[in-house]
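A quick write-up on the structure given underneath.
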Amino acid sequence: MAAVATAPSETIVTGSDRAARLFEAGGRTLEDLVLERWDELIASGRAECPVCGGRLHAAGGCNGCGSELS
Ligand SMILES: [Zn+2]
């Protein structure tokens, strides 16, 4: 059996940090926004959709785009 050289994996970068920054507004991250909406949804049963700004319901998700917080 010959030895196989493999490339180091440290150079692999996931896109999650970059994707989150695309939605960043006023220093808040997408995660902050989603958690805020999630709390609102639990407290009142409805919240503003973080995706389209439509009405988000605890059961059935968003009226506008169909997104659900999970
Ligand atoms: Zn929506």
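The values are calculated or read from the model by the stated rules, or taken from the named source; none is laboratory data. As the structure is a computational prediction, the values presented were derived from the model and not from experiment. When we count neighbours, we look across all protein chains shown, and the Cβ atoms used for this are built from the backbone with ideal geometry, even at glycine.
Within the range 33-52, can you find the residues that are near the ligand (Cβ under 10 Å from one of its atoms) and either modelled with pLDDT of 90 or more or of a type outside the set (Val, Ile, Thr) (or both)? Don't jump to the end; show me each part of the working.
The initial filter retains those residues of the range 33-52 that are near the ligand (Cβ under 10 Å from one of its atoms), namely 48-52.
If the condition is that a residue be near the ligand (Cβ under 10 Å from one of its atoms) and either modelled with pLDDT of 90 or more or of a type outside the set (Val, Ile, Thr) (or both), then GLU48, CYS49, PRO50, CYS52 are the ones that fit.
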Give me the pairs, please: first residue somewhere in the range 53-70 and under 10 Å from LEU41 (Cα atoms), second residue anywhere and among the β-branched types (Val, Ile, Thr) and more than 10 Å from the ligand (Cβ to nearest atom), beta-carbon distance under 9 Å, and either six or more positions apart or on two chains. ALA58/ILE42; LEU69/VAL34
